[in-house]
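Working notes, structure below.
The values are calculated or read from the model by the stated rules, or taken from the named source; none is laboratory data. Everything numeric in this text was worked out from a predicted model, so none of it was measured. Here Cβ is always computed from backbone atoms with ideal geometry, including for glycine, and neighbour counts include all displayed protein chains. Heavy atoms of the whole protein, side chains included, go into the accessibility calculation; ligands, DNA and RNA do not. Shrake-Rupley method; radii C 1.70, N 1.55, O 1.52, S 1.80 Å.
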Amino acid sequence: MSFSAFDGTRRIPPAINEPIRAYAPGSPEKKSLKARLASMASEQPEIPVVVGGKHIHTGDMGEATMPCVHSHVLAKYHKARVEDVSAAIAAAESAQRDWANTRWEDRAAVFLRAAELLATTHRDTLNAATMLGQSKTVFQSEIDAACEMIDFWRFNVQFAQDLYAEQPISNATMWNQLDYRPLEGFVYAVTPFNFTAIGGNLPTAPALMGNTVLWKPAASAMLSAWYTMQLLEAAGLPPGVINFLPGDPVMISERALTDPALAGVHFTGSTGVFNGMWDTIGRNMGRYRGYPRIVGETGGKDFILAHASADPQVVAVAMVRGAFEYQGQKCSAASRAYIPRSLWPEVRDRCVAMMADMRMGDVRDFRNFTGAVIDEKAFNRNAKYLAMAKDSAKVLAGGGTDRSTGWFVENTLVEATDPSHTLMCEEIFGPILTCHVYDDAKWDETLKLVDTTSPYALTGAILAQDRSALHHAATVLRQAAGNLYLNDKCTGAVVGQQPFGGARASGTNDKAGSKLNLVRWVSARNIKETFSPPTDWRYPFLGEE
Ligand code: NAD
């Protein structure tokens, strides 16, 4: 990259959250998206490995299928070989000097342009790929593949500017400067299937800060990941800054994580996989040039806790939206609920009635509230938990599955008498919400239960009209959730509004969509320049009267 000289303090365009399109009947945006859905369903792109800007066809193929119609192959992708991973590391290393030395505003311009392309010409494509490939309804796709990804790109630029502006004290005799260097080496970004925007954010947040990246996308989000990669290329991302490596996660990770140039890991996915990666890094500590930054956002067992003063309708809506949108496949999805006995009959009946109105089916039919779960493995896992629910708890609504054309699992409401039932403790990652009914008088005991039942601490919601109950619960549950919601559902974090992440087994809590995340991708150097250097080695105190 070469740039003309420029003097001046540049001011970036202010970041504003991307407005959500409604896709109402008869709207032009609905017509245009429907057309792209139809055309994409009849395409079958061949997705390459991308190393140093070169598209590599390895011939070892995988398939991306449609969860709603599992016989439909949406794309074929080339799997990276170990030599491609080595070449990607070399490409990242050779691109780093130029990219790191590019003025930060010029790096930022690439992502601002990417945001603008996504908001306009590429919006339908990314939405259609996310709907077809990951089985999101139009609304779930719009808030993820369009709005959240645009917000990540625009707000991260603003957060970078804020971070760079933080400088130490100087005075007339000296000037102190913090140089926010990128890390020395490459960052390995490994992304999950469930958010197209996380797919885009994990490689680009370190890249914005001057790092070069290896990106290993999830097999079950391959189509949207590929369109994201193409969008970044169209926005002017130089070759080698982000290298795209579809393929075997174990082989690719083994090669990348044991390389001496590994400088950081940016991961989102399950706790077990993250623990395994951390373990590999730990076992190889002697190899690295520096201490790799390890950032991972992982699983959850997110709770809804209603107090006896809560409004039953508000509780029921928070439960069904929080648990069932995107088939419960959000890390933040409500998965366990604690409802006081006095409210339970009303809350239960309202939930069951709402669930009866929610349609499930192919996401191309906009009347459906939910689609299929992501793949056969997820289908089988949900079926196992449903069998458990029928066996040792009470299924109040749903409970069925249908694998004939797609991986469909019904929204399911379960009541468990035992608060330590497996369904109350384990991450299910599907449309199953388990409720425990507590005695109104046992509020304090229930708070303890909520805090100690699962190893995770990602999101949670407390619903109460009594302010002191709300405040007390939020205090007792201070460490139980990285994103706590009061009188709301526990999903739907927006970049710039609710920085996202949890602690305990839910990750390192480096808050995607905030300055706190960007801090992890820089290694600051302090430079002190003295304007009047001392010329005498003696200090005044050395004198004697
Ligand atoms: P996953 O752990 O199966 O996969 C995540 C990524 O890791 C994928 O790219 C996958 O190919 C790769 N991977 C799989 N096995 C690996 C291995 N042995 N070594 C290295 N990489 C490996 O997760 P998923 O099913 O894609 O996503 C669901 C999980 O992600 C859930 O647990 C969910 O809670 C979590 N999640 C968390 C957040 C958050 O912000 N906390 C956000 C989204 C998803």
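Looking only at the range 166-191, which residues are within 16 Å of the ligand (Cβ to nearest atom) and either among the small types (Gly, Ala, Ser) or not assigned by TED's automatic domain parsing to the domain that holds Tyr288 (or both)?
Hit for the range 166-191 is Ala189, nothing else.
Could you please give the count of residues in the range 501-545 that are among the basic types (Lys, Arg) and more than 23 Å from Leu484 (Cβ to Cβ)?
Result for the range 501-545: 3.
Using beta carbons and a limit of 6 Å, which pairs, at least six apart or on different chains, have the first residue in the range 262-287 and in the same structural domain as Tyr188 (by TED's automatic domain parsing) and the second one within 11 Å of the ligand (Cβ to nearest atom) and among the charged types (D, E, K, R)?
Listed pairs, sorted by first residue: Thr268/Glu297.
For the range 390-406, give me each residue that is of a type in the set (Ser, Thr, Tyr) and either under 26 Å from His72 (Cβ atoms) or under 28 Å from the mean Cα position of the chain (by Cα) (or both).
Thr401, Ser404, Thr405
Do we find a residue being more than 25 Å from the chain's Cα centre (by Cα), within 30 Å of Leu262 (Cβ to Cβ) and of a type in the set (D, E, K, R) anywhere in the range 53-66?
Yes - at least one qualifying residue is present in the range 53-66.
For (1) of a type in the set (Asp, Glu); (2) outside any helix (DSSP H, G or I); (3) under 18 Å from Glu18 (Cα atoms); (4) within 18 Å of the chain's Cα centre (by Cα), each residue gets a yes or a no:
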{"residue": "Met131", "(1), (2), (3), (4)": "no, no, no, yes"}
{"residue": "Lys136", "(1), (2), (3), (4)": "no, yes, no, yes"}
{"residue": "Trp153", "(1), (2), (3), (4)": "no, no, yes, yes"}
{"residue": "Leu163", "(1), (2), (3), (4)": "no, no, no, no"}
{"residue": "Gln167", "(1), (2), (3), (4)": "no, yes, no, no"}
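To keep it simple, each residue is scored yes or no on (1) assigned by TED's automatic domain parsing to the domain that holds Ala310; (2) under 30 Å from Ser309 (Cα atoms); (3) touching a strand residue (DSSP E or B) at 6+ places or on another chain (Cβ under 6 Å).
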position: Val363; (1), (2), (3): yes, no, no
position: Gly371; (1), (2), (3): yes, no, no
position: Arg381; (1), (2), (3): yes, no, no
position: Phe408; (1), (2), (3): yes, no, yes
position: Trp443; (1), (2), (3): yes, yes, no
position: Leu449; (1), (2), (3): yes, yes, no
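Got at least one residue in the range 339-350 being closer than 14 Å to Pro431 by Cα and open to solvent by less than 40 Å² (accessible area, probe 1.4 Å)?
no
Has the range 285-300 got any residue that is closer than 24 Å to Leu516 by Cα, out of contact with any helix residue (DSSP H, G or I) (no Cβ under 9 Å at 6 or more places or on another chain) and polar (S, T, N, Q)?
no
So, in the range 327-374, exactly how many residues are within 26 Å of Asp451 (Cα to Cα) and assigned to a helix (DSSP H, G or I)?
So the count comes out to 8.
Does Val241 satisfy being modelled with pLDDT of 95 or more and surrounded by fewer than 24 Cβ atoms within 10 Å (Cβ to Cβ)?
Here the answer is no, as Val241 does not meet what is asked.
Hey, could you check the range 257-294 for residues that are part of a helix (DSSP H, G or I) and β-branched (Val, Ile, Thr) and say which is surrounded by the fewest Cβ atoms within 10 Å (Cβ to Cβ)?
By that ranking, first place goes to Thr280.
Find the strands (runs of 3 or more DSSP E) located wholly in the range 1-118 whose residues include 2 or more that are open to solvent by less than 30 Å² (accessible area, probe 1.4 Å), and list them.
The strands (runs of 3 or more DSSP E) meeting that bar are 49-51, 61-66, 69-78.
Looking at the range 233-260, I want the residues that are closer than 24 Å to Arg289 by Cβ and have a partner that is open to solvent by 50 Å² or more (accessible area, probe 1.4 Å) and more than 9 Å from the ligand (Cβ to nearest atom) with Cβ atoms under 7 Å, at least 6 apart or on another chain. Which pairs are those?
Pro238/Met1; Gly240/Ser94; Met251/Val82; Arg255/Val82; Thr258/Arg287; Pro260/Arg287; Pro260/Arg289
Look through the range 235-256, keep the residues that are assigned to a loop (DSSP other than H, G, I, E, B) and within 16 Å of the ligand (Cβ to nearest atom), and return whichever of them is nearest to Gln96 (Cα to Cα).
The qualifying residue nearest to Gln96 (Cα to Cα) is Leu245.
Does Ala218 qualify as being within 14 Å of the ligand (Cβ to nearest atom), of a type outside the set (Asp, Glu) and crowded, with 24+ Cβ neighbours inside 10 Å?
The answer is no for Ala218.
Hey, which of the strands (runs of 3 or more DSSP E) in the range 428-545, taking only ones fully inside, have at least 2 residues that are over 25 Å from Leu183 (Cα atoms), open to solvent by less than 10 Å² (accessible area, probe 1.4 Å) and at pLDDT 95 or above?
432-438, 459-463
Give the residues of the range 397-422 that are within 16 Å of the ligand (Cβ to nearest atom) and closer than 15 Å to Ala387 by Cα, sorted by residue number.
Across the range 397-422, the qualifying residue is only Val409.
Which residue out of Met358, Met319, Met277 is over 24 Å from Ala481 (Cα atoms), modelled with pLDDT of 95 or more and of a type outside the set (Gly, Ala, Ser)?
Among Met358, Met319, Met277, only Met358 is over 24 Å from Ala481 (Cα atoms), modelled with pLDDT of 95 or more and of a type outside the set (Gly, Ala, Ser).
If the requirement is being in a loop (DSSP other than H, G, I, E, B), assigned by TED's automatic domain parsing to the domain that holds Gly53 and within 16 Å of the ligand (Cβ to nearest atom), which of these qualifies: Asn201, Asn194?
Answer to the selection: Asn194.
Could you look through the range 140-196, keep only residues that are under 27 Å from Arg10 (Cβ atoms) and among the aromatic types (Phe, Trp, Tyr), and pick out the one that is surrounded by the fewest Cβ atoms within 10 Å (Cβ to Cβ)?
Taking the candidates together, the pick is Trp175.
Is it the case that some residue within the range 326-333 is in the same structural domain as Ile374 (by TED's automatic domain parsing), among the charged types (D, E, K, R), within 11 Å of the ligand (Cβ to nearest atom) and open to solvent by 10 Å² or more (accessible area, probe 1.4 Å)?
Yes, the range 326-333 has at least one match.
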